[in-house]
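To keep things clear, I will list the structure first and then write my remarks on it.
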Amino acid sequence: MTSNTVQQDAAVADKSILANSAYADGRHLAARQSIYQWQQPQYDLPGIVVEELAGTSGIVLDVGCGNGKFVSRLHKDRPDLQVVGMDISAGILAEVEKPVLVADAQALPFADGSADAVLALHMLYHVGDIEATIKELARALRPGGVLIASTNSDTDKQELDRLWARAAGDVLGIPEGPARVSLSSRFSFEKAPGYLGTAFKDIRVRNLPGTIELTDPAPIVAHLASYEAWADQCGVPFQETVRRVAEIVAEAIKSEGSFKISCFGGILACRL
């Protein structure tokens, strides 16, 4: 592991960056989510969570709920559930349907066994101590309760990794620039079962592969620009690199007709 990777991993879990910059509001998260509207096949992730909770009643804690995409769907489709959205950022919670709590996933303000389900959707890579946090989520669950986690694969969007390295290299005048920040690598789809297995015996994995095909550079530019909170860890002039990305993608679309991105992630349903 390079010193740059260690620095990036530390920044991905930095509470100050998460609460005050990366997720101070929903803007950056929405930019990362929006690129999936061009993915095939399409996956209704909130709908999948609703499916996974078909046999659940009572209290559902959405830990690290972000802009409330899943909270909103559960309020709509499962009004019988008591859904509580939680995030370390008070700013992003302003957009989320109530009730909500500012809370740290590593120290939930709930008694042992008080929740019937816990959601940890694309967020466990942001906690400082992943194993301890998973044990904390398990502590809050009643016997027979379910934890639903999600993340991306180590192979997810590798085309964007190569694109960023090329653009960064062009900006720096070297063959290949520093790697972009990877959010999910600390708790990737490949690593997730091992981590979750420290607290859960029954883990069911659902693979969600797909391809994003774009004929406009804008969604890619917005996606990569949304990592601005970690610009200091990129080792390259951030805005210049984003502009170079736009140029490279425009050239590729003109030449090839589109720009394709391979996606791979998934959902893990876990029981104690």
For the range 248-257 the number of residues that are touching a residue at least 40 places away in the same chain (Cβ under 8 Å) and part of a helix (DSSP H, G or I) is 2
Against the definition (over 15 Å from residue 187 (Cα atoms) and in contact with a Gly (Cβ under 7 Å, 6 or more places away or on another chain)), how does residue 117 come out, yes or no? yes
Residue, nearest to residue 116 (Cα to Cα), within the range 1-51, restricted to residues that are of a type in the set (Phe, Trp, Tyr) and outside any helix (DSSP H, G or I): 43
Note on the range 111-150: residues under 14 Å from the mean Cα position of the chain (by Cα) and not in a helix (DSSP H, G or I) are 119, 120, 121, 122, 123, 127, 148, 149, 150
Residue check for residue 107: outside any helix (DSSP H, G or I), small (Gly, Ala, Ser) and under 21 Å from residue 51 (Cα atoms): no
Could you check, for the range 231-247, whether at least one of its residues is under 17 Å from the mean Cα position of the chain (by Cα) and either within 22 Å of residue 43 (Cα to Cα) or not in a helix (DSSP H, G or I) (or both)? no
Among the numbered criteria (1) surrounded by fewer than 20 Cβ atoms within 10 Å (Cβ to Cβ); (2) closer than 18 Å to residue 269 by Cβ, which single criterion is violated by residue 99? (2)
Please go through the range 139-172 and pick out each residue that is surrounded by fewer than 21 Cβ atoms within 10 Å (Cβ to Cβ), of a type in the set (Gly, Ala, Ser) and touching a Lys or Arg at 6+ places or on another chain (Cβ under 8 Å). 144, 165
Quick one: would you say residue 77 is at pLDDT 95 or above, crowded, with 22+ Cβ neighbours inside 10 Å, in contact with a helix residue (DSSP H, G or I) (Cβ under 6 Å, 6 or more places away or on another chain) and within 30 Å of residue 211 (Cβ to Cβ)? no
Within the bounds of the range 234-243, is there any residue that is modelled with pLDDT under 95 and small (Gly, Ala, Ser)? yes
Sort through 130, 174 and tell me the only one that's of a type in the set (Val, Ile, Thr), closer than 25 Å to residue 234 by Cβ, free of Cβ contacts under 8 Å to residues at least 40 places away in the same chain and out of contact with any Gly (no Cβ under 9 Å at 6 or more places or on another chain). 174
Looking only at the range 20-33, filter to residues that are within 20 Å of residue 151 (Cα to Cα) and not basic (Lys, Arg); which one of those is surrounded by the fewest Cβ atoms within 10 Å (Cβ to Cβ)? 30
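The values are calculated or read from the model by the stated rules, or taken from the named source; none is laboratory data. Quick caveat: nothing in here was measured; it's all calculated off a predicted structure. Neighbour counts run over all protein chains shown; Cβ positions are idealised from the backbone, glycine included.
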